[in-house]
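What follows is one structure encoded as C-alpha cells, with my remarks underneath.
No lab work stands behind these numbers, since they all come straight from the coordinates. Just so it is clear, the model here is predicted, and its values are computed rather than measured. Here the Cβ positions follow ideal geometry from the backbone for every residue, glycine too, while neighbour counts run over all protein chains shown.
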Amino acid sequence: MMKSFKLSNILSYFILIAMSAFVIFPFLWTFLTSIKTEIQMFSVPPVWIPDPVTTQHYSDIIDEGQFQAFMKNSLTVSGVSTLISMLVSIPAAYGFAKYRYKFSGLLFATVVAIRMFPPIVMGVPFFLMMRQLGLIDTNLALIITYLPLQLTLIIWILEGFFRQIPNEIEEAAEIDGLGTFGKFLKIAVPLSMPAIGVASIFSFLAAWNEFMFALTLTRTDASQTMPIGIAGYVTTFQTFWGKMSATGILYIIPVIIFTIFAQKGMIKGLTAGATKE
Amino acid sequence: MAVSVMKKAGRNKRSRRTAGILLTLPALIVMAATVLYPILWSLKISVFESKGMMTSGSFVGLENYINVLQSSQFQSALWNTLGFVSVTIIVELIIGFAVALVLNRSLPGTKFFRVLFTLPLMIAPVVSGLQWRWLFADQYGVINSVLSMIGIDGPLWMGSVWGARTAVLIANVWLATPFVILILLAAMSSLSEDLYEAARLDGANAVQIFTNITLPLLKPAILMILVVRLSDAFRVFDIVYILTQGGPGGSTEVLSTYIYKSTFTGLNFGQGSAASFLVMIMIMIISFGLFRLLRPKEDR
C-alpha cells in the first residue's frame, strides 16, 4: 500500500517536471540567446551558459529607436482600445445579465457567437474600410479593429459575474431608492471589481498580443506594434536572433509579472465558463 | 437625458425594458459598426468580381465561392486544417488530462506548477512561434544539436513536410495545453469527494473510477474545451505564418494563411471574402454538431 502510494507520487512529479521543462525551455533559451554573443549563439555544440554575458542586443535595439516606437504603439493601441471597450461593455454585460427585453437573449447569443469567428474573416473588410477612411498605418485603425475582439470577450466574462449578484441585494437597493443607474454604479460595479480587473487584463492582452490585423493594417513604425516589430527581426531576408530574443524578453516580461501577481483572478476569469451552470 | 430616464426605472416591466436597452445599446452600436457593417461589406465583395486592389467588378453570384471550393490550394488548406485541428486537440487533451489529474492531487508544490503552466497562455503567439523557429533551426537550432549529441541526425524541420507539421503542432501544443489544464482542473476540483469515497468502498480501482466517474462528470468541461479549442485551432494563423509560412510546398497551409495569401498577396478580395464565409459556415456547423453530440441527454 505504502509502496504504491510512493510510486504514484514519483510518477506525478515526473509528469510535472516534464511539463515544466517543456514550458520553461523556450523562455529560457530565448533569454540565454538574448545575452549571448553572435559567436556563442551559432556555435556547435550549443553553448548553454553564456560566457561572456553581453547586453549588446538590448542596447542595439534601444539605440536603433524602433523598440521604443513599437512599445509606444502597442501601449497606445492596447490601452486606448481597452479603455473604450470597458466603458461600453461593462454596462452592456450588466444589462444582458439583469434586464430582459425583446431579442436581448438573441443579441447576447450573437455577441458570444462572434467570438467563435476566425478573425481573418474580418481581415478583408477591415482592410478595405481603413483604406477608404485613410487610416492605414495609424494607431486609430488598430484601436477600432480591436474593439469587437475585446467587447465580446469582456461581455462574455462579466455577464456571468453580474448574473451571480443575488436579486435580493438589488431589491434592497431599490427600496433604498436607487434606480438602474444607481444600482449599477453603487452595487454591481463595486461587487464585481475583481472580475472587471480580470476582464480588463484579458482585454489588454488580446490587443497586446494581436498579430494578424496589425500585419494587414500597419506599414511603418509609425503604427507597427510589438508583435510586428519582433517578427521583423526574423524574415526571409534577415535573421537577427539576438535582437529578436532581446525584444521578445522585454515584451513578455511585463506579461509574466502580471500573470504571477494576478494569477488567481486570471485563472478564475479563464475558467469562468467551465463552472458556469 | 439617458441618466434621467434610467433613474426613473422602477419595478415596472416597461421601464426595466428601457433600462436594458439603454445599458446594452452603446455596445451594440459599436458591434454593429465594427462587425455587422464589415461583414455585410465582405458578403457583398464575395459575390462581385474583383480586379487587383479594386473591388468594383461586375456581379458574379456564387462564382467566387465555386472557384474557392474547386481550387486545390483551398482543398489542401482545408485538409491540413482538419488534420491539424484533430491532432492538436487530441494531443492537448491527453497531456492536459495527465497534468490536471496530477495537479488535482494537491501534492506539495503544485501551486507553483499551476502558475508556471499558465504562462504560455498569456504570451503572444508570435513570440512563441519565433522561439520555436529558433529552437527548430536546421543548422544552429538547439533541438538538432541535442539530437546529434545523442547520435540522431535531426531532420531539416522547416524543409520537410512532416518536420514542418510537427514543429507547428509542438508550438501550438505549447501555447494551448495550459488552457486545457486549467479548465479540466477547475472542473475536477468541483467534483464531490463523496462519490469517490463511495466508489472506493465498492472496490473500484483507479482506472474504473476515472472512466466511470471522473470522465462522465467532466463532460461539460470537455465540451467547452472542444468548442473553444476547435474554433481557436481553426483560426490558427500567427504560429503558421511565423514558423513555416504554409510551406514547404503548401504542406502546412491552413485556412487562415490561405485566406490571407489569396487576399493580400494574390490580391483577390472576392475569393478571399468567399473563402472567409465558407470557413465561418464550417465552424458554425461543427460547433453546433458538437453541442448536440455532447450535451447531456435531458436538455436535448
log₁₀ I(q)/I(0) of the stretch A:121-240 at q = 0.17, 0.18, 0.23 Å⁻¹, via Debye over equal Cα point scatterers, no solvent, to two decimals? -0.88, -0.93, -1.21
Assign one of three labels to chain B, namely rounded, prolate or oblate, based on the Cα gyration tensor with a ≥ b ≥ c the square roots of its eigenvalues; rounded applies when a/c is under 1.5, prolate when it is not and a/b is larger than b/c, and oblate otherwise. oblate
From phi via Karplus (6.51, -1.76, 1.60), per-residue ³J(HN,Hα) for the stretch B:180-190 in Hz, x at Gly/Pro: 4, 4, 4, 5, 4, 5, 4, 5, 5, 6, 8
Within 10 Å of each candidate Cβ there may be at most 13 other Cβ atoms; applying that plus a DSSP loop requirement, which chymotrypsin sites (Phe, Trp or Tyr not before Pro) in the stretch A:163-226 survive? none
Relative contact order for the stretch B:23-159, counting Cα pairs under 8 Å that sit 6 or more residues apart, in percent: 8 percent
Between A:Ile256 and A:Leu87, the two model label points (7 Å from Cα along the beta-carbon direction) sit apart by a distance in nm of 3.5 nm
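How crowded by other chains is A:39-50, given as the mean number of beta carbons from other chains within 10 Å of each beta carbon? Don't skip to the answer; put the middle values down first.
Values: counts 0, 0, 2, 3, 2, 6, 5, 8, 1, 1, 0, 0.
Partner-chain Cβ atoms within 10 Å, mean over residues of A:39-50: 2.
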I'd like to compare A:87-97, B:207-217: which one has the highest average count of other Cβ atoms within 10 Å, and what's the full order after that? A:87-97, B:207-217
Summarise the partner chain shielding of A:90-101 as one whole number: the mean count of Cβ atoms from other chains within 10 Å of each residue's Cβ. 6
Residues A:Ile10, A:Ile187, A:Ile260, B:Ile170 arranged by fewest to most Cβ contacts within 10 Å: A:Ile10, A:Ile260, A:Ile187, B:Ile170
Per the charge dipole of chain B (beta-carbon charges, Lys/Arg positive, Asp/Glu negative, Cα centre), the residue among B:Trp79, B:Thr252, B:Leu121 reaching farthest to the positive end is B:Leu121
Return the long-range amide H neighbours of A:Thr239 (sequence gap of 5 or more, or a different chain), with a cut-off of under 5 Å between placed amide H atoms. none
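Let me make sure I get this right: for the stretch B:72-167, a, b and c are the square roots of the gyration tensor eigenvalues over alpha carbons, sorted descending. Under 1.5 in a/c it's rounded, otherwise prolate if a/b > b/c, else oblate. Which is it?
Cα axes put the stretch B:72-167 in the oblate bin.
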Phi-derived 3J(HN,Hα) across the stretch A:212-218 with the Karplus relation (6.51, -1.76, 1.60, θ = phi - 60°), rounded Hz, x for Gly and Pro, is 5, 5, 4, 5, 8, 9, 10
If you plug each phi of the stretch B:156-163 into the Karplus form 6.51 cos²θ - 1.76 cosθ + 1.60 with θ = phi - 60°, what whole-Hz ³J(HN,Hα) values come out, in order, with x for Gly and Pro? 7, 3, 7, x, 10, 4, 6, x
A student asked for the Cα radius of gyration and Dmax of the protein assembly as shown in angstrom ought to give 25.2, 79
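Rounded, prolate or oblate: which fits the stretch A:1-155 when a ≥ b ≥ c are the square roots of the eigenvalues of the alpha-carbon gyration tensor, with rounded for a/c under 1.5 and prolate only if a/b beats b/c? It would help to have the intermediate numbers written out before the result.
Values: a/c = 3.12, a/b = 1.33, b/c = 2.35.
Oblate shape, in that a/c is at least 1.5 and b/c is the bigger or equal ratio.
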Charge dipole (chain A, unit charges on Cβ, about Cα centre) - positive-most of A:Phe240, A:Tyr94, A:Phe25: A:Tyr94
Once the Cβ-Cβ distance between B:Met282 and B:Asn205 is put in as r, and R0 is 56 Å, what FRET efficiency do you end up with, to the nearest 0.05? 0.85
Which whole-percent values make up P(r) of the stretch B:134-212 when all C-alpha to C-alpha distances are grouped in 5 Å steps starting at zero? 3, 12, 13, 13, 10, 8, 8, 9, 10, 9, 4, 0
For A:Lys6, go through the aspartates and glutamates and keep the ones whose alpha-carbon is under 14 Å away, minus same-chain ones fewer than eight residues off. none
Along the Cα→Cβ direction, 7 angstrom out, place labels at B:Arg17 and A:Thr76. What is the inter-label distance in nm? 4.6 nm
Separation in nanometres of the label points that stand 7 Å from Cα toward Cβ, at A:Phe14 and B:Lys111: 2.8 nm
Looking only at other chains, what is the average number of their beta-carbon atoms within 10 angstrom of each beta-carbon in A:253-262? 3
For Cα pairs less than 8 Å apart in space and 6+ apart in sequence, what is the mean separation divided by the residue count of the stretch A:65-275, i.e. the relative contact order in percent? 34 percent
What is the set of long-range amide H partners of B:Phe48 at a cut-off below 5 Å, with H atoms built 1.01 Å from backbone N? B:Val60
Please order B:Val68, A:Val189 by the number of other Cβ within 10 Å, starting at the fewest. A:Val189, B:Val68
Cross-link reach list, aspartates and glutamates versus B:Lys44, counting only Cα pairs under 16 Å and skipping chain neighbours closer than eight places: B:Glu63
FRET efficiency, B:Val87 to A:Ile62 (Cβ-Cβ, R0 45 Å, nearest 0.05): 0.65
Using the 10 angstrom Cβ neighbour count as an exposure proxy, how do B:Thr110, A:Thr259 rank, fewest first? B:Thr110, A:Thr259
Where q = 0.08, 0.12, 0.16 Å⁻¹, what log10 of I(q)/I(0) comes from the Debye formula for chain A, counting one point per Cα? -0.48, -0.92, -1.24
